[in-house]
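Scroll down for the structure; my scribbles are underneath it.
Nothing in this text is a laboratory measurement; each read-out follows from the coordinates by a stated rule. Just so it is clear, the structure is predicted and the values come from calculations on it, not from any experiment. When we count neighbours, we look across all protein chains shown, and the Cβ atoms used for this are built from the backbone with ideal geometry, even at glycine.
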Amino acid sequence: MRCVLARSDFPSLSALSKMVTLRQTLLDMKNKPVALITGASSGMGKDFALRLIAEGYTVYAAARRLDRMQDIGQAGGLPLAMDVTDDASMVNAVSRILGEQGRIDVLINNAGYGQYGALEDVPVSEGRRQMETNLIGPARLTQLCLPTMRAQGHGRIFNISSIGGKLAAPLGGWYHASKFALEGYSDALRNEVRRFGIDVVVIEPGGIASEWSGIATDEAQKHSGAGAYAALVKRFGTLQKDMRRLPAPRVISDLVVKALRAKRPRARYHGGFLAGPLLFLRRLLSDRLFDLVVSSAFR
């Protein structure tokens, strides 16, 4: 019995062409290094994502709000819903990446914010949230990525800290605590995973044009805008307004790309407004003298 197939039973040349193109695209993505970037919906995170796409990476851009990453999708990135305080969302995200790509070469722990307000005023629950976002979330995501990086025999983990991880100012106690902790965590991690071909790099931005300043100022005002610390909050707001012309996030993206291109990246890179001078002063001066510098800024 002969089986006769009609022309309609075969895919059209156009459909075949699309299938071949899709297959080639998937193969090309498989051959690219894969990067996962958190906090990619704005500021430095968005710039990291767009920059690494341009550098030839397959980029998974993670954030809570997918609607703010449409430009990343249009540039060829893969927006991914993730909340670094939600374990299930991190597990699902890493599982998806490994299912689609089979590898993770670069992790950039960028998600974070500044919880400001006097330590006497800020509820401890807000302090816990700050630590969960800026420290525990990155640590958990790192745990999820490390087995794959070890099996590959290579990987680079970037922890986006701050010059506020090396020096502290009034009203930012919980923020500074989270960044100081991230610095120590990174040092321990670097010495644990180096033997597996995995590099850990800390990036310490100074002032950068982003939403960070506005959020920090609003938080300080909410918690300590009235009462014993009101004068500090007023001065903090003035300092933030004085720093309107801050460098663009690209200054920090340049550091990430520099570290990615380096055969042996440094443990730390810093950049942005006043980053170099302030870190130098902190190393040079005693605690008492540096406190005088900070106090003079808040008068």
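What to note about this one:
- Euclidean distance of C-alpha centroids, region 83-134 and region 224-299, integer Å: 22 Å
- FRET efficiency for residue 239 and residue 98, using Cβ-Cβ distance with R0 set to 35 Å, rounded to 0.05: 0.20
- The Cα atoms of region 112-203 give a gyration tensor whose axes a ≥ b ≥ c have a/c of 1.5 or more with a/b greater than b/c, which makes the shape prolate.
- Directionally averaged shadow of region 24-297, computed from the convex hull of its alpha-carbon atoms, nm²: 14.6 nm²
- Cβ crowding within 10 Å averaged over residues, with 168-174, 104-110 ranked highest first: 104-110, 168-174
- Helical contribution to [θ] at 222 nm, DSSP H n ≥ 4, -39,500 (n - 2.57), averaged over the chain, rounded to 500: -16500 deg cm²/dmol
- Per residue, the average separation of C-alpha pairs within less than 8 Å and at least 6 apart gives the chain a relative contact order of 16 percent.
- Across the cross-link table entries 32/179; 46/258; 32/263, which are compared at the Cα atoms, the separations over 22 Å belong to 32/179.
- If R0 equals 41 Å, the separation of the Cβ atoms of residue 222 and residue 258 corresponds to a calculated FRET efficiency of about 0.60.
- Packing, taken as the mean count of other beta carbons within 10 Å per residue, orders the peptides 115-123, 47-55, 69-77, 258-266 from highest to lowest as 47-55, 115-123, 69-77, 258-266.
- Mean separation of Cα contacts under 8 Å, 6 or more apart, over the residue count of region 197-285: relative contact order %: 49 percent
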